[in-house]
Structures are given as structure tokens and as C-alpha cells.
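Remarks on the structure that follows.
The values are calculated or read from the model by the stated rules, or taken from the named source; none is laboratory data. Note that this is a predicted model, so its numbers are computed, not measured. Cβ coordinates were reconstructed from backbone atoms using ideal geometry, including for glycine residues, and neighbour counts include every protein chain displayed. In case anyone asks, the SASA skips ligands and DNA or RNA and just uses the protein heavy atoms, side chains included. Shrake-Rupley method; radii C 1.70, N 1.55, O 1.52, S 1.80 Å.
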Amino acid sequence: MCNFAFSTAHSTRIDNRIDMSRLTILGIESSCDDTSAAVITDGILRSNVIASQSVHEEYGGVVPELASRAHQQNIVPVVSAALSRAGIEPKDLDAIAFTRGPGLLGSLLVGTSFAKGMSLGLRIPIIDVNHLHGHVLSHFIRRKEDDEVPEFPFLCLLVSGGNSQIILVKSDSNMEILGQTIDDAAGEAFDKCAKVMGLPYPGGPHIDRLAAEGNPARFKFAKPRMAGLDYSFSGLKTSFLYTLRDQLKLNPAFIEENKADLAASLQRTIVEILIDKLDAAVKLTGVKTVAIGGGVSANSGVRQAVADFCGSRGLKAFIPERVFTTDNAAMVAIAGYFKCLRKDFCSYDEVPYARVTI
Ligand code: KG4
């Protein structure tokens, strides 16, 4: 097998570097339907290129096979653009970080294989990144030297289409899940409720937009009554569905006439569920810093609620730029940077995984 020889050679090259503080990492993200590449030097972002795939719109969700094919088409131009926007040549790279999982296997294979090929060609190490670590560590991406980053330990509310977790982040490599959803993720609750309202996929951003014009107190939906720090969104989803079903019998134009209030009330309920458990986690841990991440952290209601929650309790809040909430390679590059500092490289035998936890 070649992997041992290559890993050792590359590791040695890094070990021999006199100045480990000038590390330039290329990040590659291809876990779902965004092809992205980014360059980071010493934690400072030099480029972040994202090609989204519109091919899925007509299907109301991501079609894995189409996603893989689109990644194949996008990966070379996206990586080239990331390098040229960063103003560097491939030879200037020290390592390549790629998302190994979780995600769609066919999509992950494109990024993984590309990273391996490029690494072999350039004779530099590859670093496998857990996509979820990327979301958590996205708060360490800096645009300039004096940008503030969180101090360990901190709590991260990670809310996306596939996850709703409260994570105690003890270091860049030591993360403990304190609570997580036992059924749907927060993003699924947004998307599935939006779908029954007839909104396009993904529905979260549409709910967000409509909610800005609605009355959040107009409708009451079920909230889970569970002890501990785990989340549940399936009851809310059913309650939302039943409200629509009952009201549509009385008025077929119910959704159309009430869509802003429905969206605002749904968003308020999701936000309250998220904040309740976050509050409990802060009390349990005594941690003074709270961060949010994942696609749902782009939501205006979630962002405002977390900022207010932290403000009222004297906690430091880290709310990511919207570009770092959804899938992006900048977060993969920063997670790779941390691993590179620890010389935690991976071998060419590593394969993508569809499911993984923190
Ligand atoms: O992290 P992400 O891009 O994908 C994964 O799940 O890996 O998250 C996608 C989720 C979708 O459910 C989408 O509806 C939701 O994030 N989302 C939002 C908003 N923007 C994206 N949900 C509510 N409000 C938003 N503004």
C-alpha cells in the first residue's frame, strides 16, 4: 500500500517546517448539494467559493445522484477559483482538508477523491474533517488578525437540516454532545411545515422571510415536555399539520390568508424550544460563551433570540456570518488547520462516511 509511505513523507515535510504558524490549507466541502473550496492561512480566510446546485429545485429536495454529478462538474472550477481568489498557486498549499462525513456518500466521494488526487500530485498531506466539527469551529475563521474568536470551553447550538445538538466544546478536538434531537432536526421542522404550506424546498428561508411580516403570537403549537437536554420536534410538526388540516376544512384559503402569521408562530415556537434547552445547558455547565452554527443558525428569529438570551444573562454570544451557517469550505479549512497544527493527517485508505456524530 502506498498510503503509509506517503503519509510519512508528508508528515515529515510538515514536521520539518520551521514556522508552523504560516500554514496554508485548502478546504473542500461536498457533503450535500454545495460544492465549495476555501483557502485559509493561519486561520485567516483568503477565499471561500461556493457553487450551489439549482438542479434539485424541481424535485422538492436534494437528489443524491444529481448532486454527485453536479459536484463532478463543479469541483475543478471551484477549487481553481478558490486558489486564484486567494492569490496562490497549488504549490503554496501545505495541506488539503476535505469533508469526510456525514453527508451523501456519492457527494462525499467526489470531494474525498479530488482531495486525495490533488494531495498525491502536490505531495502534501490530506486531513479528514467531520462536517459537524466544521460547523462548530467556523467561529474561528477570521477575516482579519484582530477578529474575536471564542475561548474554550463554550456551548454550541448546532442546528441544521440533519442535526439539532447542544455541544460542550472543550477544545478544537474535544466536543461532548449534551443533548440532541430524538426525532426531527430543527431544519426538518422548518422544511416539513413549509412543505405543507406549499412553500418551495428548502422551506426554512421562506418561513424566515414570511415570519418577518407576521404575528408570532397568533397561533399556538405544541411544545415538547421532555426532561434533560434532548430536543424533539415531531410533536410540533404534527400540531402544525393538524391546525392546517382543521382550518382548511373551514376555509380553503386559510393558508394563503394566514401564511405570515403561520410562519411567525411556527418560527417563534421553534425558537422557544431551542432556547429552553440552551438555557438549561448554560445552567448545567456554567459556561459563559454560547455559539450557534448550522443552516438554521441563519434564521433571523434564532439569531435574535440567542443574542437576546446571551445579552440578558451576561454571556458572550458568537453568531456566525450567514455565509458560514450553510455548507461552506471555509469551515472545513479551519477545522483542517486545527488538525494540521496537531499533525493529525489521514491516510489514503480513509473513505467517506454517510453518518457520524461529533
Ligand atoms: O446546515 P445545512 O445547510 O445542511 C445540513 O443539514 O447539513 O442546513 C440546511 C437547513 C435546511 O433545513 C434549511 O431550511 C435550514 O437549514 N435553513 C433555515 C434558514 N436557512 C437555512 N431555516 C430557517 N431559517 C433560515 N433562514
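Here are a few things to note about the model shown:
- Spacing of the two label points (7 Å from each Cα toward its C-beta) at N174 and E321, in nm: 3.1 nm
- Simple spin-label estimate for V76 and L250 in nanometres, 7 Å along Cα-Cβ: 6.1 nm
- Among the protein heavy atoms of the chain, carbon and sulfur supply 53% of the accessible surface, probe 1.4 Å, non-protein parts ignored.
- Ligands, DNA and RNA aside, C32 has an accessible area near 40 Å² when probed at 1.4 Å.
- For K316, solvent-accessible area (1.4 Å; no DNA, RNA or ligand), Å²: 90 Å²
- Of the trypsin sites (Lys or Arg not before Pro) in segment 53-115, not one is in a loop by DSSP (not H, G, I, E or B) with at most 13 other beta carbons within 10 Å.
- Near-label residues of segment 216-254 by backbone N, under 19 Å of a point 7 Å along Cα→Cβ of K195: 232-246
- In order along segment 321-327, the Karplus-derived 3J(HN,Hα) couplings, from 6.51 cos²θ - 1.76 cosθ + 1.60 at θ = phi - 60°, round to 4, 4, 5, 9, 7, 8, 5 Hz, and Gly and Pro are given as x.
- Mean separation of Cα contacts under 8 Å (6+ apart) over length of segment 224-282, as relative contact order %: 46 percent
- Averaging Cα coordinates gives a centre for segment 301-357 and one for segment 158-184; these two points are 11 Å apart.
- Rounded to 5, the percent of DSSP beta bridges in the chain classed as antiparallel: 60 percent
- A viscosity of 1.306 mPa s and a temperature of 10 °C, combined with the Kirkwood radius over C-alpha pairs in the Stokes-Einstein formula, give the chain a diffusion coefficient of 75 µm²/s.
- Cα centroid of segment 209-235 to Cα centroid of segment 135-151, whole Å: 31 Å
- Near E350: Cβ cut-off under 15 Å, other residues only, Lys/Arg at +1 and Asp/Glu at -1. The net charge is 0.
- Taken one residue at a time, the phi angles of segment 170-185 give Karplus couplings (6.51, -1.76, 1.60, θ = phi - 60°) of 8, 7, 5, 10, 10, 10, 10, 7, 8, x, 7, 5, 9, 9, 6, 7 Hz. Gly and Pro are set to x.
- Remark on I127: its backbone amide H falls under 5 Å from those of I96, A97, F98, C346, a criterion applied only to residues 5 or more positions apart or on other chains, H modelled at 1.01 Å from N.
- Surface exposure of the chain, expressed per residue as accessible area with a 1.4 Å probe, stands at 43 Å².
- Sites matching GluC sites (Glu not before Pro) across segment 100-207 that sit in DSSP coil, with at most 16 neighbouring C-beta atoms within 10 Å: E145, E148, E151
- Built amide H within the under 5 Å cut-off of Y231, gap 5+: Q180, T181, I182
- For R313, net neighbour charge (Lys/Arg +1, Asp/Glu -1) across residues whose Cβ lies under 13 Å away: +1
- Between E148 and R123, residue separation times 0.36 nm minus the direct Cα-Cα distance comes to 5.6 nm.
- Net charge, V49 excluded, C-beta distance under 14 Å - Lys, Arg +1, Asp, Glu -1: -1
- In order along segment 66-81, the phi-based Karplus estimate (6.51 cos²θ - 1.76 cosθ + 1.60, θ = phi - 60°) of 3J(HN,Hα) comes to 5, 4, 4, 5, 5, 4, 4, 6, 8, 4, 5, x, 5, 5, 4, 5 Hz; Gly and Pro are listed as x.
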